[in-house]
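In what follows, a structure is listed as structure tokens, so that the remarks can point back to it.
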Amino acid sequence: MVAAADAKTALRQLERALELSRTVELRLDYLKDDREITRFLIGLGKKRVRATMIATCRRTASGGKYRGSAANQLIYLAEALRAGCTWYDLDIETASVAPRGLVDVLVGEGRQLLSAHYFRKAPANLKKVVASLAAFKPDASKIAVQAETIAESVKVIDLARGRSNFVAVPMGEAALPARVLALRHGGALAFAPVEQDTAPGQVPLDVMTQLYRAHKLTRKTRVYGVIGDPIGHSLSPRLHNAGFQAAKIGAVFLPFLVGDLKDFLSGIKPLGIRGFAVTLPHKQPIMRHLDSIDPMAEAIGAVNTVVVGASGKLHGLNTDYVGVLRALDRRMPFQGSRVLIVGAGGAARAVAYALAQAGSLVSITARRPQQAEALARAVNGDAVPRGKVRGQFFDAIVNTTPVGMYPYESASPLEAAELNTRLVFDLIYRPQVTKLLQLAQRRGIETVSGFEMFVAQGIAQWEIWTGRRAPVAPMLAAIKHALAANEKPKRK
């Protein structure tokens, strides 16, 4: 999707779009004025593009940016057809007021994609909207709807099933997985911007085609994902999709923004989800919804990995403890070492059980003292009030809280004076060097990033879901590349 304020940028975006797709939407309404629209169309006509191009000039009344009349809108669409477009997107608001004869005269040579957009909330009766679009007898229809939940997004993409030349687009962050899976569910098109978003929840074109390979997904493609809130920071899709591509496995891994577990669980069957990772804040609550739980995960009291069986039954496991041991086993002797764990949630439980079983003496400090005491009792350790941390020495300190996670990198769960230890391990992996690790480094303390644990536990998940040895090298390279790109200094 090409959307820019000036013709030069729009033409540059078009070149980039054509490298990744043979179907491109041109948002004329995003050009800042009539002069830029004209410049762009002249430049487009000179290019003689060999691709399917869809011209869109949506008016403000329909959620677009074009402030002109419906007549001028049609004139620009007609000029776009003469410049090489074969399709034009006409919003139902214009189609309802423009005389049919005028539409036929101006844009009759092109193929019409008739669209309806609902940016605030879904209409009460989606099927009625579909019928109203069909009544105009367009060449194809499109409906885009704001979806606040996964269940709502599933309803939207299901509209395309069994209908030819129909485009169903769920909008919003919760709808991101369904937007990626739209083609898999029968939709004729999926929309992704080259640079500028034109609707909430859009996935950039390079991410859509290279990370998720949306254009190659079929009904046979296995779907996996990670659930959490927030979830936009997660690099799990990079890790797992790199593995699927390297191993030539027909599968895709998606991020699910989940506030309500029941909402997500309702989408497992319709979306064909075969397994999912679990992150904050769901590692403990998810256990109430599982049909069976691995003994180690049961003992830990937290699940970070779920397998969806052929019958739909959910089996929970925990691979976090594997990541903890692999990250620390070359850096410290487990037996007899005293370790302070900051936090008492699902991740803290995995760390505590892993270290306790390995022979370490575990101490817990947390914002909620009762939680800290309960976890300490479970692993035969002790709870340390925050005010007493400064006066004690530990062989290692492990942060299991989200304090310091992107985009709040300036925060730290502990102060420098509280870091009386030989080693500090922060489970956060984005950024790789958190504020906590910076404080430790300034004091000459050895540090370990959550990157190592993240990769180790993720590889264990991948192998559980696929039943195959993971292609570690490309998976590791994908995460290193993503982290390096994220931490490059931004140009001013």
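The values are calculated or read from the model by the stated rules, or taken from the named source; none is laboratory data. Every value quoted in this text rests on a predicted model; they were computed, and no experiment measured them. Because the Cβ atoms are built from the backbone with ideal geometry, glycine has one as well, and the counts that use them run over all protein chains shown.
Checked against the criteria, A416 does not count as surrounded by fewer than 16 Cβ atoms within 10 Å (Cβ to Cβ) and touching a Gly at 6+ places or on another chain (Cβ under 8 Å). Look at (1) on the phi < 0 side of the Ramachandran plot; (2) without any contact (Cβ under 8 Å) to a residue 24 or more places away in the chain and you find that K137 fails only one, number (1). Just to be sure, is L106 assigned by TED's automatic domain parsing to the domain that holds D206, closer than 26 Å to A55 by Cβ, surrounded by fewer than 21 Cβ atoms within 10 Å (Cβ to Cβ) and aliphatic (A, V, I, L, M)? Yes, satisfied. In the stretch 179-193, is there at least one residue being farther than 23 Å from G64 by Cα, modelled with pLDDT of 95 or more and crowded, with 20+ Cβ neighbours inside 10 Å? The answer is yes, given that some residue of the stretch 179-193 is farther than 23 Å from G64 by Cα, modelled with pLDDT of 95 or more and crowded, with 20+ Cβ neighbours inside 10 Å. Yes or no: V207 hydrophobic (A, V, I, L, M, F, W, C) and touching a strand residue (DSSP E or B) at 6+ places or on another chain (Cβ under 6 Å)? Here the answer is no, as V207 does not meet what is asked. Consider the stretch 281-300 and keep the residues that are among the small types (G, A, S) and at pLDDT 95 or above. The one that is farthest from the chain's Cα centre (by Cα) is S292.
What about P170, is it part of a loop (DSSP other than H, G, I, E, B) and surrounded by 13 or more Cβ atoms within 10 Å (Cβ to Cβ)? Taking the combined requirement at face value, the residue does not satisfy it. Scanning the stretch 343-362 for residues that are small (G, A, S), under 35 Å from the mean Cα position of the chain (by Cα) and crowded, with 23+ Cβ neighbours inside 10 Å yields G343, A344, G346, A347, A348, A350, A352, A354. Do we find that P474 is under 21 Å from the mean Cα position of the chain (by Cα), touching a residue at least 24 places away in the same chain (Cβ under 8 Å) and over 17 Å from P237 (Cβ atoms) in this structure? Taking the combined requirement at face value, the residue does not satisfy it. Restricting E415, E446, E452, E463 to residues that are under 28 Å from L314 (Cα atoms), at pLDDT 95 or above and acidic (D, E) narrows the list to E463. Residue check: A417 meets all listed conditions (1) closer than 20 Å to D329 by Cα; (2) touching a Lys or Arg at 6+ places or on another chain (Cβ under 6 Å); (3) among the hydrophobic types (A, V, I, L, M, F, W, C) but one, namely (1). Inclusion of R161 among residues that are surrounded by 24 or more Cβ atoms within 10 Å (Cβ to Cβ), basic (K, R) and either touching a strand residue (DSSP E or B) at 6+ places or on another chain (Cβ under 6 Å) or outside the structural domain of P281 (by TED's automatic domain parsing) (or both) is not warranted. Determine whether the stretch 199-206 contains at least one residue that is hydrophobic (A, V, I, L, M, F, W, C), surrounded by fewer than 23 Cβ atoms within 10 Å (Cβ to Cβ), over 22 Å from A116 (Cα atoms) and in contact with a helix residue (DSSP H, G or I) (Cβ under 9 Å, 6 or more places away or on another chain). The answer is no, given that none of the residues of the stretch 199-206 is hydrophobic (A, V, I, L, M, F, W, C), surrounded by fewer than 23 Cβ atoms within 10 Å (Cβ to Cβ), over 22 Å from A116 (Cα atoms) and in contact with a helix residue (DSSP H, G or I) (Cβ under 9 Å, 6 or more places away or on another chain). Restricted to strands (runs of 3 or more DSSP E) entirely inside the stretch 347-465, those with at least 3 residues that are free of Cβ contacts under 8 Å to residues at least 40 places away in the same chain are 361-365.
Residue-by-condition table, conditions (1) within 26 Å of A297 (Cα to Cα); (2) assigned to a helix (DSSP H, G or I); (3) aliphatic (A, V, I, L, M):
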{"position": "H215", "(1), (2), (3)": "no, yes, no"}
{"position": "K220", "(1), (2), (3)": "no, no, no"}
{"position": "G225", "(1), (2), (3)": "yes, no, no"}
{"position": "H240", "(1), (2), (3)": "yes, yes, no"}
{"position": "F256", "(1), (2), (3)": "yes, no, no"}
{"position": "G259", "(1), (2), (3)": "yes, no, no"}
{"position": "F276", "(1), (2), (3)": "yes, no, no"}
{"position": "L280", "(1), (2), (3)": "yes, no, yes"}
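From the list R468, R422, R442, the lone residue that is surrounded by fewer than 19 Cβ atoms within 10 Å (Cβ to Cβ), out of contact with any Asp or Glu (no Cβ under 6 Å at 6 or more places or on another chain) and under 24 Å from R338 (Cβ atoms) is R442. All of A61, A17, A80, A95 fail the test of being of a type in the set (A, V, I, L, M, F, W, C), part of a helix (DSSP H, G or I), assigned by TED's automatic domain parsing to the domain that holds N165 and exposed (fewer than 15 other Cβ atoms within 10 Å of the Cβ), apart from A61. Candidates are the residues of the stretch 29-49 that are at pLDDT 95 or above and outside any helix (DSSP H, G or I); the one that is nearest to V2 (Cα to Cα) is L31.
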